[in-house]
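Trainee: What follows is a structure written as structure tokens; I'll ask about it next.
Please treat every number below as a calculation from the coordinates, not as lab data. Only a predicted model underlies this, so the values are computations on that prediction, with no experimental measurement involved. Methodologically, a virtual Cβ is constructed for each residue, glycine included, from the backbone with ideal geometry; neighbour enumeration extends over all protein chains shown.
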Amino acid sequence: MSLQAAKIEVPKGSTLRPPSPVKRRWGAPLNAPIQDWRGRRVWLVGASSGIGLACAKALHAAGAHVIVSARDLGTLSEWAATCKSQGLPVELLSLDVTDALQVKYVARQVAASGKLDFLLYCAGHYRAQRATEFDLTDMLRHQDVNYNGLLRVLDAVLPMFLQQGSGHISVVSSVAGWRGLPNGLAYGPTKAAVTHVAETLYMDLQDKGIGVSVVNPGFVATPLTAQNNFQMPALISPEQAATAMLAGWSEGLFDIHFPKRFTAWLKLMRLLPYRAYFALVRRFTGL
Ligand SMILES: NC(=O)c1ccc[n+]([C@@H]2O[C@H](COP(=O)([O-])OP(=O)(O)OC[C@H]3O[C@@H](n4cnc5c(N)ncnc54)[C@H](OP(=O)(O)O)[C@@H]3O)[C@@H](O)[C@H]2O)c1
């Protein structure tokens, strides 16, 4: 439902008054909370493993009609067969987000089989990179998957959501996008961009009936982080990440970050002046 009160003409001399706009507590989340997933159609882009797959499974268990996309869906066929036998099938639609035509084609397939209620963009590419080993090809690869891929999917999904006047766009970003970090030369800027897009979408779409959220995980044990050669603080499982995400959506939050014992410190560090921030990062990472 649109949050902006419709303009209603009141005839001259009438004692009727137009309804007042919906009143919200100052600072309250603008998204409609999603507590009941039964019957909702959810498209998860980049969900063949890790956080995306854990969310797909959690949403399916909560009764959602789940559509999973990624390049390699081979490992999901057994799960899909089980879901089908249980009476709530999942759809597997192969997709490479770096291919604009494929994105358009798959989005059309998604739309053709029913109204879409929720989009989760979690496709991600990460390789540690430092300025001393600057690699333009990999820099651009990060940009193409993490940022341009999101734009291609938005280009296909936004018109659908605007036309139906409902929907929710959730984007998996990262705490690595909050401020510059060593090893994050290629990855961090793409996540900063993704968060910026989400912030603007949230403001632009609040009165169009479309919810927007940004997910900022700390360290989650997935194939993406398996390459890290350091001990990851406050490491959680993909299932714990999915639980935190569903909890965030159920409260209508914009900023869903977890685990708080880690992200709360990073939120504080985000506010520090450069001098203190750089000194602390150096101290904690040794880099
Ligand atoms: N793990 C963490 O600690 C952490 C922390 C902060 C943020 N994140 C973010 O969380 C999201 C999920 O990552 P994850 O940790 O769960 O890692 P993951 O298991 O490696 O998941 C990445 C997903 O992206 C998909 N993908 C990659 N390139 C793609 C492409 N060109 N087209 C379509 N799909 C593509 C992969 O599927 P295919 O290879 O089959 O295409 C896979 O399903 C990413 O955006 C990541 O940046 C992760």
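Trainee: Within the group Asp117, Asp96, Asp36, Asp72, which residue is among the acidic types (Asp, Glu) and in contact with a helix residue (DSSP H, G or I) (Cβ under 8 Å, 6 or more places away or on another chain)?
Mentor: Checking each option against the conditions leaves just Asp96.
Trainee: Could I ask something else about it? Please verify whether Leu151 is on the phi < 0 side of the Ramachandran plot, of a type in the set (A, V, I, L, M, F, W, C), out of contact with any Lys or Arg (no Cβ under 9 Å at 6 or more places or on another chain) and in a loop (DSSP other than H, G, I, E, B), treating the condition exactly as stated.
Mentor: no
Trainee: Within segment 99-114, how many residues are of a type in the set (A, V, I, L, M, F, W, C), surrounded by fewer than 19 Cβ atoms within 10 Å (Cβ to Cβ) and touching a helix residue (DSSP H, G or I) at 6+ places or on another chain (Cβ under 7 Å)?
Mentor: Residues in segment 99-114 being of a type in the set (A, V, I, L, M, F, W, C), surrounded by fewer than 19 Cβ atoms within 10 Å (Cβ to Cβ) and touching a helix residue (DSSP H, G or I) at 6+ places or on another chain (Cβ under 7 Å): 2 in total.
Trainee: Same structure again: Can you pull out the residues in segment 133-148 that are of a type in the set (A, V, I, L, M, F, W, C), part of a helix (DSSP H, G or I) and either in contact with a strand residue (DSSP E or B) (Cβ under 8 Å, 6 or more places away or on another chain) or surrounded by fewer than 14 Cβ atoms within 10 Å (Cβ to Cβ) (or both)?
Mentor: Correct list: Leu136, Met139, Leu140.
Trainee: Scan segment 156-175 and give yes if some residue there is in contact (Cβ under 8 Å) with a residue 60 or more places away in the chain, out of contact with any Gly (no Cβ under 7 Å at 6 or more places or on another chain) and away from the ligand (no atom under 11 Å from the Cβ), otherwise no.
Mentor: Yes, there is a match, as at least one residue in segment 156-175 is in contact (Cβ under 8 Å) with a residue 60 or more places away in the chain, out of contact with any Gly (no Cβ under 7 Å at 6 or more places or on another chain) and away from the ligand (no atom under 11 Å from the Cβ).
Trainee: In segment 24-40, how many are buried (at least 19 other Cβ atoms within 10 Å of the Cβ) and either among the basic types (Lys, Arg) or in contact with a Gly (Cβ under 6 Å, 6 or more places away or on another chain) (or both)?
Mentor: Going through segment 24-40 one residue at a time, the tally reaches 2.
Trainee: Turning to a different aspect of this structure: Restricting attention to segment 235-271, which residues are charged (D, E, K, R) and in contact with a His (Cβ under 9 Å, 6 or more places away or on another chain)?
Mentor: Within segment 235-271, just Lys267 meets the criteria.
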